[in-house]
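Below is one structure, written out as structure tokens, with a few remarks after it.
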Amino acid sequence: MPVHRGTYTFVNRQSGTAMEMGTDHSLIGMPPKENETQKWEISPLGAGHSIRNLKSGKYLSVKSLSKDAPIVASDYPAAWFIREVRVNEENAAFYEIRWPMTDIMLELADSGSSAPKTKILLAEGQLPQDKHRARYWKATRVRQPSFYQPSSSANNTGTSSFSITGLAEKWRLILPAKPTPPARS
């Protein structure tokens, strides 16, 4: 199934470490945990997808399209091609995250090392099947809090109603004050 707009975590097939935005805005592999440095918002961009970190608000980009170039954070979105790869022996879908129209893709360095803070770099070319695991990422959709809040009057009947309070909190809406009519003398 292709990746759709939403928020995801990406875990490397080889190491089991999660893709994380490091404190220096580099891309690294770290043990999976529930924080926003490991959550990525995927949005359509041209023929590909932008990948934005929830914590930093920065997009994945590159300084150069060369082997072993580091992945960097940018204020500007770049379009990535996220290609599904079926792994029959695991009955699972993984993803390659590629620069469009190339064989250049994200790879966890050191053949997919599970050591914390292992860099995620650009890689190019074919690898033996056992080494290619460092280029596969398991995408898991993350549920984000919704601004649709159950009504207290719903009485657990399985129904819920729209909450303007939740909407205002979610979008930080500031509603203008109702104008006061001029005083008549």
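Residues in the stretch 120-138 that are under 19 Å from Ser61 (Cα atoms) and assigned to a loop (DSSP other than H, G, I, E, B): Glu124, Tyr136. Return yes when Lys63 is touching a strand residue (DSSP E or B) at 6+ places or on another chain (Cβ under 9 Å), more than 19 Å from Gln129 (Cβ to Cβ), in contact (Cβ under 8 Å) with a residue 12 or more places away in the chain and of a type in the set (Lys, Arg) and no when it is not. Considered against the rule, which asks whether it is touching a strand residue (DSSP E or B) at 6+ places or on another chain (Cβ under 9 Å), more than 19 Å from Gln129 (Cβ to Cβ), in contact (Cβ under 8 Å) with a residue 12 or more places away in the chain and of a type in the set (Lys, Arg), Lys63 comes out as no.
Taken over the stretch 1-42, the criterion of being crowded, with 16+ Cβ neighbours inside 10 Å and within 16 Å of Glu84 (Cα to Cα) is satisfied by Val3, Tyr8, Thr9, Phe10, Val11, Asn12, Arg13, Ile42.
Inside the stretch 51-61, residues that are of a type in the set (D, E, K, R) and outside any strand (DSSP E or B) make up a count of 2.
Residues in the stretch 72-88 that are surrounded by 15 or more Cβ atoms within 10 Å (Cβ to Cβ), aromatic (Phe, Trp, Tyr) and out of contact with any His (no Cβ under 9 Å at 6 or more places or on another chain): 0 in all.
Considered as a group, the residues in the stretch 43-60 that are surrounded by 12 or more Cβ atoms within 10 Å (Cβ to Cβ) and in contact (Cβ under 8 Å) with a residue 40 or more places away in the chain include one that is nearest to Leu122 (Cα to Cα), and that residue is Ile51. Scanning the stretch 105-146 for residues that are of a type in the set (D, E, K, R), surrounded by 15 or more Cβ atoms within 10 Å (Cβ to Cβ) and within 24 Å of Pro2 (Cα to Cα) yields Glu107, Glu124, Arg133, Arg135, Lys138.
No value in this document is a laboratory result; all are computed from the given coordinates. Just so you know, these numbers come straight off a predicted model, no measurement behind them. So basically every Cβ, Gly included, is an ideal-geometry build from the backbone, and we count neighbours across all protein chains shown.
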